[in-house]
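Participant: Quick one: this structure, given as structure tokens, is what I'll be asking you about.
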Amino acid sequence: MCDSFFTLTIARHGETDENKHGLVQTFMDTPLNKNGLEQANLLGKYLKSVRFAKLYSSNMMRTQQTAECVLNHSKQQPPPELILDTRIRERNFPAELEGQPSLSWIKDAMAWSAKENLAPIRYNIAGAEPHAGFQDRVVSFFKELCETEPTDVDENILVFSHGMVIVVLLDYLLSGDMMKTPIKNTALTKLKIFRKKPECTGKCKVQLIFHNDKSHLEI
């Protein structure tokens, strides 16, 4: 049985020039471009009336800028504090791949995925942060959310993060073809998470509400 639940909404950051041109940007600290700022402001307008108990962001510039745009539109008073957490940074790639075209490693990952019948996010790129370590740090953030005492009944939590972070978390919690779908800039994924009682073991029960939603960009 579950004591309570919370709603977790995860937003990918807005577009950067590297996104626009299909270049690798993992630990490279890149800002939003003009379109990315417009996307983030549209997301802010879309979420302006939603009350969030907690807000989290990776410490990268592109996620923080997205979060700030959303907070600027929020009607919530006082606005929640934005908490930065390095565990939800993007997967770390070797320096020589930063700023290079993404297509080659994506093709390799998709070919490996088809051969092994596993999600492409599990593919280990030479010199990159191993999948297991990447998943462990993202899941540790998620587990901490599950174990934290709620501040509100049925609270809402909003997280600003990165494409591979969202995919690796969903691969841990769920399964299916969504693991092969690229996460669009500022797209939202929403989950209902049921907290476990202390005596329970295993994963939290998770219900997917929607995934990779971009309707705010169509307003």
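Participant: Three principal axis extents, largest first, for the C-alpha atoms of region 1-89, in Å?
Facilitator: Extents along the principal axes: 45, 29, 20 Å.
Participant: For the charge dipole of the chain, defined by +1 on Lys and Arg C-beta atoms and -1 on Asp and Glu C-beta atoms about the Cα centroid, which residue among PRO31, ALA111, LEU42 has the Cα displaced farthest towards the positive pole?
Facilitator: After comparing all options, I get LEU42.
Participant: Considering only protein heavy atoms and a probe of 1.4 Å, how much of the accessible area of region 1-156 is carbon and sulfur, as a whole percent?
Facilitator: C and S fraction of accessible area: 52 percent.
Participant: I'd like the accessible area for PHE27: 1.4 Å probe, protein heavy atoms, all chains in place, Å² to the nearest 10.
Facilitator: Rounded to the nearest 10, the figure is 70 Å².
Participant: Sticking with this one: Full-extension gain between LYS20 and LEU118, please, as 0.36 nm times their residue separation minus the C-alpha to C-alpha distance.
Facilitator: On the way: separation 98, 0.36 × 98 = 35.28 nm, distance 2.79 nm.
This chain segment gains 32.5 nm when fully extended.
Participant: Between LYS205 and LYS75, what length comes free when the chain is fully extended (0.36 nm per residue of separation minus the Cα-Cα distance, one decimal in nm)? Let's see the in-between values first.
Facilitator: Values: separation 130, 0.36 × 130 = 46.80 nm, distance 3.11 nm.
Taking LYS205 through LYS75 to full extension adds about 43.7 nm, to one decimal.
Participant: Okay, moving on. Quick one: compute the contact order of region 29-130, relative version, from alpha carbon pairs under 8 angstrom and 6+ residues apart, as a percent.
Facilitator: 25
Participant: Also, quick follow-up: Taking a probe of 1.4 angstrom, what is the accessible area of ARG51 in Å², to the nearest 10?
Facilitator: Surface open to solvent at ARG51 totals about 140 Å².
Participant: Is there a pair in LYS143/LYS190; LYS107/LYS214; LYS143/LYS205; LYS54/LYS214 whose C-alpha atoms are over 18 Å apart, and which pairs would that be? Can you show the working numbers first?
Facilitator: On the way: LYS143/LYS190 16 Å; LYS107/LYS214 25 Å; LYS143/LYS205 12 Å; LYS54/LYS214 22 Å.
Over 18 Å Cα-Cα: LYS107/LYS214; LYS54/LYS214.
Participant: While we're on this one: Run the Debye formula on the Cα coordinates of the chain, all scatterers equal and no solvent, and tell me log10 I(q)/I(0) at q = 0.10 1/Å.
Facilitator: For the chain at q = 0.10 Å⁻¹, log10 I(q)/I(0) is -0.43.
Participant: Accessible area per residue, 1.4 Å probe, Å², for the chain: what's the number?
Facilitator: Values: 10910 Å² over 219 residues.
The answer is 50 Å² per residue.
Participant: With N residues in region 66-161, what two-decimal value do you get for its Cα radius of gyration over 2.2 N^0.38 Å? If you can, show how the numbers build up before the last one.
Facilitator: Working: Rg = 17.7 Å, N = 96, 2.2 N^0.38 = 12.5 Å.
So region 66-161 has a normalised radius of gyration of 1.42.
The values are calculated or read from the model by the stated rules, or taken from the named source; none is laboratory data. These figures come from a predicted structure and were not determined experimentally. Counting neighbours? That spans all protein chains shown, and the Cβs are built from the backbone with ideal geometry, glycine included. Ligands, DNA and RNA are excluded from the accessible area calculation, which covers all protein heavy atoms including side chains. Shrake-Rupley method; radii C 1.70, N 1.55, O 1.52, S 1.80 Å.
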